[in-house]
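Notes for the one structure printed next.
The values are calculated or read from the model by the stated rules, or taken from the named source; none is laboratory data. Nothing here was measured: the structure is a model prediction, and the numbers come from that model. Reconstructed Cβ throughout: ideal geometry from the backbone, glycine too, with neighbour counts over all protein chains shown.
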There are 2 protein chains.
Amino acid sequence: MSADPHIDSVDARAVLDRCRDAVTPALREAVARLDHASREQAGYHLGWTELDGRPGTGGGKAVRPALALISAAAADAPSSVGLPGAVAVELVHNFSLLHDDLMDGDTERRHRRTVWAQWGAAAAILTGDALLALAHEVLLETGSPDAARAARLLAATVRELVRGQAEDVAFEQRDDVTVSECLAMAAGKTGSLLATSAAIGSVLAGGSTELTAALQSYGAEVGMAFQLVDDLLGIWGDPAVTGKPVLSDLRSRKMSLPVTYAVHHGGDAGRQLARWLATPGPATEPELRRIAGLVEDGGGRDWAAAEARRRMTLAEKALAGAELPDRPRAELVALGRYLVDREF
Amino acid sequence: MSADPHIDSVDARAVLDRCRDAVTPALREAVARLDHASREQAGYHLGWTELDGRPGTGGGKAVRPALALISAAAADAPSSVGLPGAVAVELVHNFSLLHDDLMDGDTERRHRRTVWAQWGAAAAILTGDALLALAHEVLLETGSPDAARAARLLAATVRELVRGQAEDVAFEQRDDVTVSECLAMAAGKTGSLLATSAAIGSVLAGGSTELTAALQSYGAEVGMAFQLVDDLLGIWGDPAVTGKPVLSDLRSRKMSLPVTYAVHHGGDAGRQLARWLATPGPATEPELRRIAGLVEDGGGRDWAAAEARRRMTLAEKALAGAELPDRPRAELVALGRYLVDREF
């Protein structure tokens, strides 16, 4: 997009590494306070330990805590002011992963067994509950009025996550989900916590309402772009990169955004696609390739790619209209592009 | 116990009714904000609606919200100051019921189908999560520093609930659970939220640290007494009163407090009891009656009754040592006695 020298000078991976290094000690300290069982399961889930007790090989990219730290810098505060927020959003993210893996029946995450698959449903429910409660404790311990506002924002976000996941579960039983319903679901499941992550540092730093709102818009739009790209990768992604089986979202007949678009706006290809979706059963890889072709012929691939680009433009516009220092601005833009500009 | 004229003048049931009337509108208003699915399921779970859409016949006694309102009065504030706390503790209580019913595989609660049995596991998980988040929102919306302290207390309490439930689940796989482990589990599952309910109004009203701590002790001890009595009723309670099958806790071979006591301190009867517990399988009612006799011969019944009385004395002592107006003091004592002085 722009050739802003500030943005080009930012190495998004280095930003993520720096932020993860800043957050991990506080995150570990928080998790250490959990009851024995929750601590063990959360440590495994976060990639800190393996099942045999050896140290783990690390977890995810920790995008949400990075956004939270930069968000405080965006409000002209030391990024450490965003630290409780960074820990809290990461805890909430993992609370939702633990519960979602159970609800979705997923036995693997990043090539490792999920907590419910290893320890049972009660473990995943309870450890998730504990992480959610811990997120609020970590935020509220700072004792500032800003922290209370941040905690309120976080609680509202959890309800958005719940709404999105409830819709996701309900959509599996329906064959008439519209594109706008699907977008609203993604806004809940993916957009809401990224929006809050990008805003919570500013809230903790007492940033202006305008700045906080702009950061929230940025995070929400990046979240939508991310989900659109994720859905594209779920069909056309390289298994070696995504870590998922080839054509995985078609295999599970998921009503992802490109599929939903093609069903509703894809003419004859869309009608063929809809008929296939309505007849469950296993499918061969050649058949799945033919179905991917229908999603493409029905315009789902192009639409999702264009919509992802449009969302990224909106995200960057939200930042462009806000007052924040050059460095966090450049880091946010670079981070957003890094997340979304994956091969698809 | 004492013949205090203040206490004798309090009708505990009238106090509960008054408090429920005060809390219900705010509770309904909060639940109305939930996403569609959570709202429907929470409304059913709370006894406000039946499955066919008819109005429900009401929920439980709403003990926790009553304690929260009286707690504010104990700190010399209008009980309405405790209202967000009352709503929050009732939401947290129901969050834990929704999740526990699923984990415990209970298909009925108060002769009605549980949410997971009716709508599936995902529904119970998500509606529980939503109620927990909503509890924090309701508290934090008041925007006062006291509210932030109350929310922090509530989050710590949720972690105690989680610890207690995790231990309860783990104990099912063990045959060597000690009485003190069993007491610690009950302190988490039952004591912690009653302690917080009895203290949260004072926190919201800016009550002194001493008063809040005394109220917390009172609630914690009442909670333990309540659990001990509940365990006694689980063996010797009248099914017509408890709503559970006769001898239900023995039928499920639950390591309740009287059973655990008898196993460890009951001599020969305790050893016979332990052998029976170690051999699973269905049991006839005469056999269960014989087992109840072993718990009694092993001292489990007398110990639990004495321990419940001791806990009530501690609860009332905690209040006696604190400064609070006569009316809330009398109401708290009366409420505690009402909860615990059931037939056993």
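Side notes on the structure shown:
- Out of A:ALA166, A:ALA123, A:ALA148, A:ALA170, sole residue that is assigned to a helix (DSSP H, G or I), free of Cβ contacts under 8 Å to residues at least 12 places away in the same chain and farther than 24 Å from A:GLN216 by Cβ: A:ALA170
- Residue count for region B:173-192 satisfying the condition of being of a type in the set (Gly, Ala, Ser), under 13 Å from B:GLY223 (Cα atoms) and away from chain A (no Cβ under 14 Å): 2.
- Taken as a whole, the structure leaves B:GLU90 outside the set of residues that are more than 28 Å from B:SER144 (Cα to Cα) and modelled with pLDDT of 95 or more.
- Residue that is farthest from B:THR260 (Cα to Cα) [pool: residues in region B:276-326 that are hydroxyl-bearing (Ser, Thr, Tyr) and at pLDDT below 95]: B:THR284
- Test: residue in region A:126-143 that is of a type in the set (A, V, I, L, M, F, W, C) and surrounded by fewer than 21 Cβ atoms within 10 Å (Cβ to Cβ): no
- Check on A:ALA72, buried (at least 22 other Cβ atoms within 10 Å of the Cβ), small (Gly, Ala, Ser), modelled with pLDDT of 95 or more and more than 27 Å from B:LEU161 (Cα to Cα): yes
- Close pairs from region B:36-65: first without any contact (Cβ under 8 Å) to a residue 12 or more places away in the chain, partner among the acidic types (Asp, Glu), Cβ under 6 Å, at least 6 apart: none
- Filter result for the condition that a residue is crowded, with 19+ Cβ neighbours inside 10 Å and touching a residue at least 24 places away in the same chain (Cβ under 8 Å), over A:GLU221, A:GLU285: A:GLU221
- Against the conditions (1) under 21 Å from A:LEU91 (Cβ atoms); (2) over 17 Å from the mean Cα position of the chain (by Cα), B:HIS111 satisfies every one except (1).
- For region A:105-132, residues that are over 21 Å from B:LEU131 (Cα atoms) and either more than 9 Å from chain B (Cβ to nearest Cβ) or at pLDDT below 95 (or both) total 15.
- Count of region B:3-35 residues which are without any contact (Cβ under 8 Å) to a residue 40 or more places away in the chain and among the small types (Gly, Ala, Ser): 3
- Filter pass, A:ALA195 being under 27 Å from A:ASP106 (Cβ atoms), under 15 Å from the mean Cα position of the chain (by Cα), within 14 Å of another protein chain (Cβ to nearest Cβ) and modelled with pLDDT of 95 or more: no
- Any hit, region B:83-91, residues being at the interface with another protein chain (Cβ under 9 Å from one of its Cβ atoms) and surrounded by 22 or more Cβ atoms within 10 Å (Cβ to Cβ): no
For (1) surrounded by 14 or more Cβ atoms within 10 Å (Cβ to Cβ); (2) outside any helix (DSSP H, G or I), each residue gets a yes or a no:
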{"residue": "B:VAL259", "(1), (2)": "yes, no"}
{"residue": "B:VAL263", "(1), (2)": "yes, no"}
{"residue": "B:GLY281", "(1), (2)": "no, yes"}
{"residue": "B:ALA306", "(1), (2)": "no, no"}
{"residue": "B:GLU316", "(1), (2)": "yes, no"}
{"residue": "B:GLU331", "(1), (2)": "yes, no"}
{"residue": "B:ALA334", "(1), (2)": "yes, no"}
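- Residue match in region B:103-113 (condition: of a type outside the set (Ser, Thr, Tyr), within 28 Å of B:PHE171 (Cα to Cα) and in a helix (DSSP H, G or I)): yes
- Some residue of region B:158-168 being out of contact with any Leu (no Cβ under 8 Å at 6 or more places or on another chain), of a type outside the set (Lys, Arg), farther than 25 Å from A:LEU139 by Cβ and at the interface with another protein chain (Cβ under 10 Å from one of its Cβ atoms): yes
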